[in-house]
Amino acid sequence: MRMNKDSSRSGWPAAHESPIDRALDRAVRDMMHVDPPPGLRRRVLARVEPRVTGRWMFMPGYALAAAALAILVLGGVFVREHRTKPIQTGTIEPSARTAPVPQPRPAPSPNARGDISGRAPATRITRELIPMPRVTNVFGSRTQGVSAARRPGDETAWPAAATVTDTPVSAVAPIVIEPIETLPLVIPPLVTAAPPLKGGL
Amino acid sequence: MAQSTDCVTGTEPSAATDLDLVRLAQAGDVEAFGELVERNRRAVFRAALACVRSPAEADDVAQEAFVTAYRKLGTFRGDSQFRTWLLSITWRKAIDRRKSLSRWLRLAVSPGREDTGEDAFNHIERIPSPHRSQEDTVVDEELQRNVTRLIGTLPKKLRDALLLAGTGEHTYEQISQMLGAPLGTVKWRVSEARRVLKRKLSALGYAYE
């Protein structure tokens, strides 16, 4: 055995080749005389051969980093856009958007006509008149809530608008459509008073 | 003293020397490096096994060592034997693996347990010796278990030297290069390891003439 050869050459006296020495040699040999699993050469070459393309082994890492950076940038842009859009749309009141085009409201119910006569014309809710609510509950309570789903004739929910616009309840009334009287267009004759020309002409 | 020429490589005789194959591999011949792998795979594997004491881990270390050697092949100038250079790489890789393993074992599996290696070799597929009868095997089974356990209790420096010397693949010069210790120190460690083992076996009741 190789170890015995080395042991003798390294100064092991022959008298020390006792059974315990042989037992030790055998134990070490049984431990260490193990062959590598088959296919070591193939596995090594499989890792070695793509040496030229080995530089691209780091490509997935770079690609992941670039993708993560792109996602962060796009996410930041999206979040910023998402934050700015509600601010722009939220400042525009629905009434202001619909104000330029007056739409005829449905006729009030007969039992509500008495109230209509005593109400002042509805004030135009403008952007300047309505402060943005900065309170904890932007919707307010149920009784003071502003509801866009107001049904015709449902007057109980209307004071909510008065709360928002700071106008008395009585000042808000449905629009009464009156017949439009069109006057004939009269074009006055064009009279020009030209100043006298200099030079006597 | 053992010389490099005494080392039993266990490789097939080939016309090309290791240095020739190294030059071919440096020129990009992968097959030449494959031949170097074939010639040195057993020595590399057993060196790693002596350190990490697990065949699976030793196989991983051997692969890493060969791949590292291939990538650093340009730095090999032929001042020393290729096998010595390769074994130095292997031992460094194995030490790194052992350190990480010991840390992992200490922290995750069995904190506080000594790294005795008692069970490290229990799962190694033993090579039955044709010179041993079944009776000898049965009689010595307990002794072998005790020796294996006691080897695991040796200090690492003594154990590494003893196991490397017992691989049958490495000369004392190569062991000295791997361990970074003088040749006389390596021989003393082997001798000391055997002495400690015999003393412990005597304490267990194994008395030999």
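FYI, it's all coordinate maths here, none of it is from the lab. As the structure is a computational prediction, the values presented were derived from the model and not from experiment. FYI the Cβ positions are ideal-geometry reconstructions off the backbone, even for glycines, and counts take in every protein chain you see.
Computed values, structure above
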| read-out | value |
| --- | --- |
| Simple label model, 7 Å out from Cα along Cβ direction - B:Val30 to A:Ala68, nm | 3.1 nm |
| Average partner coverage of B:46-54, which counts Cβ from other chains inside 10 Å | 2 |
| Segments A:21-27, B:164-170 sorted - mean Cβ within 10 Å per residue, highest first | B:164-170, A:21-27 |
| Rounded to whole Hz, the Karplus (6.51, -1.76, 1.60) HN-Hα couplings of the range B:167-175, x for glycine and proline | 6, x, 10, 10, 7, 5, 5, 5, 5 |
| Shielding score for B:55-65, defined as the mean number of other chain Cβ atoms within 10 Å | 3 |
| Relative exposure of A:Val44, A:Val176, judged by other C-beta atoms within 10 Å (fewest first) | A:Val176, A:Val44 |
| Placed amide H near B:Tyr206: partners under 5 Å, 5+ positions off or other chain | none |
| Estimated FRET transfer efficiency when R0 is 30 angstrom, pair B:Trp104-B:Ala203 (beta carbons, to 0.05) | 0.40 |
| B:Arg23-B:Arg145 pseudo-label distance in nm [points 7 Å out on the Cα-to-Cβ vector] | 5.6 nm |
| From phi via Karplus (6.51, -1.76, 1.60), per-residue ³J(HN,Hα) for the range B:58-70 in Hz, x at Gly/Pro | 5, 5, 4, 5, 4, 4, 4, 5, 5, 5, 5, 4, 5 |
| Per-residue mean of C-beta atoms belonging to partner chains within 10 Å, peptide B:166-172 | 6 |
| Which of B:Thr185, B:Thr90, A:Thr192 has the fewest Cβ neighbours within 10 Å, and the rest in rising order | A:Thr192, B:Thr185, B:Thr90 |
| Ordering of B:154-162, B:71-79 by burial proxy (mean other Cβ atoms within 10 Å per residue, highest first) | B:154-162, B:71-79 |
